[in-house]
Each structure stands twice: as C-alpha cells, then as structure tokens.
Amino acid sequence: MEVVVGKKKATGLPLEIALQICEYFIMETHQEDLDRTERCMRCPNCDIYALWSLSLVSRSWNKAANRLLYRYISLDFGYYSAPTRGHNGEGIAPEFIPYTCCCEDGKPLHTKIDVNTKLQLLYRTIWDSQDGIGERIRAIKLPRRLFSITKYPLSAILQKCPNLEFVDHAVTSGNAEDLVSILSKLTQMRRWTWKREQGVKYEQIKVRQRRMTAMVESKISMNGPPPVIALQVLSSWTKLQHLELNNLRRMEIPDEFDFCALPSLESVTLRNLCIVDRNAETRFLERLPALQCLEIDTCLFISADRIVSYLEQKGSKMTHLEIHNSVVPIHMIYQLLANTPSIMEFSVSNCPPTPPFLNQLPDAPLGFIPSLPSLPNLKRVNINMRPLRESLAFLLYLVENRERISGLKTMRMGFEAAGKGPQLGRGSCAMDEGEMRMEVRLRTECLFNNVQLIFAE
C-alpha cells in the first residue's frame, strides 16, 4: 500500500492504525469467558486465522498482528457445561461443548488438536524467537487436568513468560520447592485457581508374595496443592485480582495466611469447600477483604448468618453476589441485599431437594416484614429457591418497587430447588391456586414495568 502525501510516498499503514484494526478481533478462545452477545455472533477461532492472514500482508501488519497473536495462548478446544440435576433429583454430568460454531459443507471447521505437540512447539517457538515472544504472552489456557506446572514442557514455558497474568487449568502438583521457584517469578498474575484436582491416580508398587516380587497397580487419591503456595507465592502476587478456592481440604488453607494482604484482590470464588473452622479467632469467611465479586457454591460450613455478618462489615463495594447450593432461607435474601447497596447482579439458590439438602429451612421470624433500601444499580436477579410461593413473592416485591430499584432489567427464576418441573412455571395445574395467581400477577407486573422475566427451562 502506498499513500502519496505532497511529494513524499508513505509505504504501508501506520502501526498505530493497524493495531486499532487488529484489536477488533477476539483473542479469547474460551467462549465461556466471552460476553453473551459475542458468544453467539463471533467465532474466536476464525478471528485468530484472520489475524494470522494479516500478519502475512506486510511488515506493519505483521508487527500489529503478532502483538495480539501471542497475547493469549489457548490450547483448549472446548468447554464443559455446568452440572445440573434431572426432574428426579439425579445428577447430570457436565457435557463437553467443542468450539465448532463454524461449519463448511456441514462439517465443523475447528476440531480437537494434539495439545502435547502444540505445547512443545510453543516452547521451541519462544526459545528460537529473536523478538521476545515470551514477554508478550499474557495468558495460557490448557485442557483440564493434563499438564503439571512442574513438568516439561509447561514448566519450561512458564520460566520464559515473566508477564503472564493467568494460567488456566494447570495442575499444581509436584515438589513444593519447584512450585514455589516457578510461580514466585510470575509477579504479574491477576487470576489464579487454588484447587485440588478431583479423581485418582494409579502407581506401580512392589509387593512381595511367597519369596516373589510383583508389581501391583495401586489406586491413590490425588494430592492437593501444598500450603506453602499460599504463604510464599500468593503473598508476592500484589496484582492478583481474582482467586478461586476449589475442593480444598482443611489442612491446605493455613490459618496464618492473610487474604487482606492481597491489595488488588477484587473477586473470590469459594467452591466445594467442606472444611470447618478450627477456632473462632481464625474464621475463614471473615478473613476475606472487602470485595466486588463473591461466589459461594456448595460450601456447607458457611451458613447464611455468617454471609450476612460478612456483608454487614464488608459489603459496601459488592457488585456481584452469587450463592448456590447453600442453606439460605427466603427471608434472609432481603438481609443480603440490604447490606450490598452497590449490587448489580444477584444470584441465589438454596439447594435442590436431594440429600444432603433435605433439612427443613428455618422459618422467618415472627412478624417479619420484607423491606429493602434503594438499590439503583441492581440490573439482573437469578433465583432458584424453595418454597415456590415465597420465591414468587420476592420477585413481585422487586418489580412492584421500581422507584427504589429503578435499574432492574432481567429476572430469571428456576424451579429445581422447589422440586417442580420447569413447565410448572407457565400456569400448569400442578401448582396450587395461590401459586398460579402469583405467577400471573408477576407476569403482568413485569410486562407493565418493562422487566424481562425468564423461567428456566
């Protein structure tokens, strides 16, 4: 391309303009992390191919495209849907969904790749590059439970990428000293999952029987991440913004670790934690700082009273709150929202009607009157609670008080926790007369107040 300016010729496109054009393309190949509109309209895999083609046009396009091509390295080829339960209460395993939204002649364009080969190729590319490709890489996404941080080739790649901001789905197994040596150098980390991998591993052990030695396959539970990661690694990640604690045991979260020592921490996810507090002075939930996003999923030791107590002290900045599979009665939802004046998205479910969640929920105190302060930022509400009548009453309260909840746009309601099928949310005769009247009233109020009402399928 040549542009004539006066008597001079300018060849190529300015780098700044080429960069702005390249920024249009999506480099995040995990659609579960994309915006909902982009998830349906855009294909990240095709965008990567488009950038690769641009890099072959000219030198200026090559510089602009390469800055983005090596920003996010994704070697995953799909994602898993969330686990659900059927109408009879039986669990439905997550379904693997590949990135095959683009097809040609009825065949998907994007299919599974040989991840191990690609990971070794990535290391050789970084090693042989003369322009510091490793320093450009900001993120690496891997298939779940396949690659350990302390084993080649991932361990070698991490040592060549000092500016990494997150490494998704890597297994934190191996020698504690090796883990600390590799992870402590990644000082730009912004997202981390502190997780015990589920499943088992098999090892060959020697067994002596009748003067004979035989190799027997032994089934051993997978080890969790060592506590030294929290004490020596997390404390050095001053830019860490999101932390997920998943499937950890009691001894893997040291009492002396101070979550408030992470100055940039904004979001915490607590999932599948069945630990108990060892003493009243080091209670787990109370050690968290004031957050913007908090998700609690299947943490039986965290009661609704403790969540309310935490929000009373540190809920002023909370914008996103999700509480799932927790024993939360309906009347405590009002207290949760009352202590989060900046809330924008709120999601809550109080467990499906299956063991171990069959216990009777506590009743509302005598003389309880629902009330909420002004919540102008609240936009989306997702509720899947039992009993059904109180859930309908809660949504009715929100939509009837639009002067205090002026930003409300979407309300989504599920019926799994109430033990009823989704078709019962459309006026089916399986609901009693009172619930049917409340549902019709809720639909009418949402229609007149311009609020989208969605009943989960």
Between the modelled labels at D297 and K63 (7 Å from Cα along Cα→Cβ) the distance in nm is 4.4 nm
A chain fully extended from D255 to Q452 at 0.36 nm per residue, minus the present Cα-Cα distance, gains in nm 66.4 nm
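Among 14-22, 394-402, how do they line up by average Cβ neighbours within 10 Å per residue, starting with the highest? Intermediate values should be presented prior to the final figure.
On the way: 14-22: 14.3, 394-402: 18.4.
Result, highest mean Cβ count within 10 Å first: 394-402, 14-22.
Once you have the Cα-Cα distance between E244 and L15, take 0.36 nm times their residue separation minus that, and quote the gain in nm to one decimal. Don't jump to the answer; show the numbers that get you there.
Values: separation 229, 0.36 × 229 = 82.44 nm, distance 3.82 nm.
Value of the extension gain: 78.6 nm.
With the Cα gyration tensor of the stretch 288-409 giving a ≥ b ≥ c as the square roots of its eigenvalues, does the rule (a/c under 1.5 for rounded; else a/b larger than b/c for prolate; else oblate) give rounded, prolate or oblate? Mind dumping the intermediate values first?
Working: a/c = 1.64, a/b = 1.19, b/c = 1.38.
It comes out oblate by the Cα gyration axes.
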Once S129 and Y152 are pulled to full extension, the length gained, defined as 0.36 nm per residue separation minus their Cα-Cα distance, is 6.4 nm
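Using R₀ = 41 Å, calculate the FRET efficiency as 1/(1 + (r/R₀)^6) where r is the Cβ-Cβ separation of V115 and R412; round to 0.05.
Details: r = 36 Å, r/R0 = 0.87.
The calculated FRET efficiency here is 0.70.
Which order do the peptides 256-267, 378-389 come out in when sorted by mean C-beta neighbours inside 10 angstrom, highest first? Walk me through the numbers before you get to the answer.
Numbers: 256-267: 14.6, 378-389: 20.1.
So the peptides 256-267, 378-389, ranked by packing, come out 378-389, 256-267.
Read-outs: derived from the displayed coordinates by stated rules, not from any lab. The model shown is predicted, which means the values in this text are computed figures rather than measured ones. Note: ideal-geometry Cβ built from the backbone for every residue, glycine included; neighbour counts use all protein chains shown.
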